[in-house]
Amino acid sequence: MTIFRLSEPKRRADCADAVDAVDLTGPPRIALVRRVRQEPPKRIGALAASFNPPTKAHLKMAEIAHTESGCGEILMELAKANVDKKTEHAPLHERLMMLDLMAQGRDWMSIGVGSHGRFIDKTAAIRELYPASDIVFIVGYDTFIRVFDEKYYDDRDAELDALFSAAAFLCANRLDDGVEAVETLLSRPENRRFRGAVQTMRLPQKYADMSSSSARLHAGSRKAMEELTPKVADYIRRRNLYR
């Protein structure tokens, strides 16, 4: 099922409508713009990011979660309200369009736009869509470390207990932080009890080194072509994004 129509301008308009429909002041919600299946999977993997733009690293993380970690469906959630990042560079509806291009030919990838940035809120929104599925958040280490940062909580221990009782995490190495960094973080006394809800994913270094900021900086160059799928790179060129 999809809300996209046939022509690209109409798909873009539908994406803009989906972004506008998500209320940042209301309860947690994810508006789906591409749903690949009617029957909920046993395990839903959720990769939430700004996707500014979506890179081959995002895709590789989703592929590994699908093929090696038992996630029958991967939800690529564009974060309308990100905890730490402002909305800039490419409009959100353009990012949804790039995600749609990335998802073409992948019948296990769904796309949505989410209203809330914290994982405890994302869990509530996903549960509305997938009431019986086990939830697995797919993250890089740079995101995972923020899960444990007390500045995001009123009562860190109680809220983390609620989060890890409702969802698991699949954490990938990023840049110079390998999977060993995850083990170090989880070995701290205040984090040890969450170890059973965390798995690690080892990305090949070329993907671990990729970033959306680099893809923006090198938009239109050979370097960007190494970091973006061909359809996404072509869309950025045609829409004159990140110039």
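Could you tell me which of the residues LYS85, LYS60 is under 22 Å from MET210 (Cα atoms), part of a helix (DSSP H, G or I) and either open to solvent by 30 Å² or more (accessible area, probe 1.4 Å) or at pLDDT 95 or above (or both)?
LYS60
Restrict the check to region 126-143 and report whether at least one residue is without any contact (Cβ under 8 Å) to a residue 60 or more places away in the chain, surrounded by fewer than 17 Cβ atoms within 10 Å (Cβ to Cβ) and closer than 18 Å to GLY72 by Cα.
Looking for residues that are without any contact (Cβ under 8 Å) to a residue 60 or more places away in the chain, surrounded by fewer than 17 Cβ atoms within 10 Å (Cβ to Cβ) and closer than 18 Å to GLY72 by Cα, one finds at least one in region 126-143, hence yes.
For region 68-77, which positions are part of a loop (DSSP other than H, G, I, E, B) and over 16 Å from LYS122 (Cβ atoms)?
SER69, GLY70, GLY72 - these are the residues of region 68-77 that are part of a loop (DSSP other than H, G, I, E, B) and over 16 Å from LYS122 (Cβ atoms).
Looking only at helices (runs of 4 or more DSSP H) that lie completely in region 154-224, which have at least 1 residues being open to solvent by less than 40 Å² (accessible area, probe 1.4 Å) and free of Cβ contacts under 8 Å to residues at least 60 places away in the same chain?
Helices (runs of 4 or more DSSP H) meeting the threshold: 156-166, 179-186, 212-217.
So which residues in region 227-236 are without any contact (Cβ under 8 Å) to a residue 40 or more places away in the chain and surrounded by 15 or more Cβ atoms within 10 Å (Cβ to Cβ)?
The one that is without any contact (Cβ under 8 Å) to a residue 40 or more places away in the chain and surrounded by 15 or more Cβ atoms within 10 Å (Cβ to Cβ): ALA233.
Working carefully through the options ALA16, ALA46, ALA90, ALA65, find the one that is assigned to a helix (DSSP H, G or I), small (Gly, Ala, Ser) and open to solvent by less than 10 Å² (accessible area, probe 1.4 Å).
ALA65
Which members of region 144-153 meet the condition of being touching a helix residue (DSSP H, G or I) at 6+ places or on another chain (Cβ under 9 Å) and either part of a loop (DSSP other than H, G, I, E, B) or open to solvent by 20 Å² or more (accessible area, probe 1.4 Å) (or both)?
ILE145, ARG146, PHE148, ASP149, GLU150, TYR152, TYR153
Have a look at ARG216, ARG202, ARG174, ARG192 and point out the one that is touching a strand residue (DSSP E or B) at 6+ places or on another chain (Cβ under 6 Å) and of a type in the set (D, E, K, R).
Only one candidate passes the filter, namely ARG174.
Do we have GLY45 as small (Gly, Ala, Ser) and either free of Cβ contacts under 8 Å to residues at least 12 places away in the same chain or farther than 30 Å from LEU217 by Cα (or both) here?
no
The values are calculated or read from the model by the stated rules, or taken from the named source; none is laboratory data. As the structure is a computational prediction, the values presented were derived from the model and not from experiment. Glycine gets a Cβ as well: all are built from the backbone with ideal geometry, and neighbour counts include every protein chain shown. To get the accessible areas, we keep the full protein, side chains included, count just its heavy atoms, and leave off ligands, DNA and RNA. Shrake-Rupley method; radii C 1.70, N 1.55, O 1.52, S 1.80 Å.
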